Amino acid sequence: MIEVEQNKKIVVDYYQTAFNGNPEKAVADHFGDRYIQHNPQAANGAGSVRRIRKMASRPISGTQAAYTARHRRG
C-alpha cells in the first residue's frame with residue numbers, strides 16, 4: 001500500500017473513533033507524547049486534544065456541523 005493510502009486510513013480511523021463515541025481511544029491510538037497543537041488558542045499535548053473534543057461534543061442549541069469538503073494532495 002502506498003504511503004498516501006496508509007495515511008488516509010489512519011486519518012479515517014481517527015475520525016471514526018473520535019467522533020463515533022470513543023475520543024479517548026482515538027487520542028491514545030493516534031497521538032504521541034509530543035503532539036503539537038496547531039491551534040494557537042490550545043496547549044500542546046494529548047490532554048489538550050481531549051479537552052477540545054469534550055467541549056466539541058457538547059450540543060449547542062440550533063447548530064449543526066457537517067463535513068462538506070474533500071481535500072486532496074496536489
Report ³J(HN,Hα) in whole Hz for each residue of region 19-35, in order, from the Karplus equation J = 6.51 cos²θ - 1.76 cosθ + 1.60 where θ = phi - 60°; Gly and Pro get x. 9, 10, x, 9, x, 4, 5, 4, 5, 4, 6, 10, 10, x, 5, 10, 4
For region 3-53, restrict the atom set to alpha-carbon positions and state the Rg and Dmax in Å. 11.3, 31
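Values quoted throughout were computed directly from the atomic coordinates according to the rules given, and no laboratory measurement underlies them. For clarity, every value in this text was computed on a predicted model and none was experimentally measured.
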